[in-house]
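The values are calculated or read from the model by the stated rules, or taken from the named source; none is laboratory data. Just so you know, these numbers come straight off a predicted model, no measurement behind them. For neighbour counting, all protein chains shown are included, and Cβ atoms are generated from backbone atoms with ideal geometry for every residue, glycine included. SASA here: full protein model, heavy atoms, side chains in, ligands and nucleic acids out. Shrake-Rupley method; radii C 1.70, N 1.55, O 1.52, S 1.80 Å.
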Amino acid sequence: MTAASGDGSGGHPAAVPVLRDIEQHWPVSGRPRKSKGVFVVLRTDRVRMPGGDLARRDVLEHPGAVAVVALDDAGQVLLIRQYRHPAGHLLWEIPAGLRDVPGEPARATGERELREETGYAARTWHVLTDCYTSPGISTERVTVFLARELTEVPDPERGPPLRHEEAHLQPAWVPLDRAVQLFLAGELHNGVTAVGILAAYAARRGGFAALREAGAG
């Protein structure tokens, strides 16, 4: 007996589409309303749908960010606990930061954030993944790096003193397998950290050979 094709036709299976995100911009009517915050801009666009009707869509303009999965020789990932006011939580996260320095390459931003927030530098850098954190409302795109061959940075070379929430960071080394379990158990909740941890866990099975090289900082 022949198995059902799953396409509802009883014939050949439907062709698999090309699974790759592509850039596209639907037309916007008129001038958007804008409200500027400290780091972001909120605007409301009137987007023309393919059928011709208009729909209002809120857009949070974000400069983008980087995040770093720092993995030591023992297979432990470096997490930091940081207060996040919008979430009302102390969250365990991988080091991360805004791309708020004009012209700074993403890897250089990652190197700076890793150094300033944790006191570590890395010799080997790869891109784990890059993702839109909330594409239904925000332009934020985050590049997540894998950093290995770690060395400690002397305090005078770490950079300016940390301020505000970052002055109260708490570090912890966690086995990668344990970090995965904590997310699956609902104990950890930072989205970018989940993406980075799970990507590193998957990439490790192939010895990280499939990862993209990170551009020079």
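Brief remarks follow.
- Distance between the range 47-112 and the range 168-217 - C-alpha centres, whole angstrom: 14 Å
- Counting only Cβ charges, +1 for Lys and Arg and -1 for Asp and Glu, the dipole size of the range 12-66 around its Cα centre is about 340 debye.
- For the range 85-217, with all protein chains in place and a probe radius of 1.4 Å, 52% of the accessible heavy-atom surface sits on carbon or sulfur.
- A simple charge model with +1 on the Cβ of Lys and Arg, -1 on the Cβ of Asp and Glu and nothing else charged puts the dipole of the chain at about 800 debye relative to its Cα centre.
- Peptides ranked, highest mean first, by Cβ atoms within 10 Å: ranges 207-213, 24-30, 13-19: 207-213, 24-30, 13-19
- Pairs of Cα atoms farther than 28 Å apart, the chain, %: 42 percent
- With Rh defined as the Kirkwood radius, the inverse of the mean 1/r over Cα pairs, the Rg/Rh of the range 99-156 is 1.03.
- Per residue, the chain exposes 64 Å² of accessible surface when a 1.4 Å probe is rolled over the protein heavy atoms with every protein chain present.
- With each label modelled as a point 7 angstrom along the Cα→C-beta vector, the residue 23-residue 164 pair spans 3.0 nm.
- Distance between the 7 Å Cα→Cβ label points at residue 58 and residue 184: 3.5 nm.
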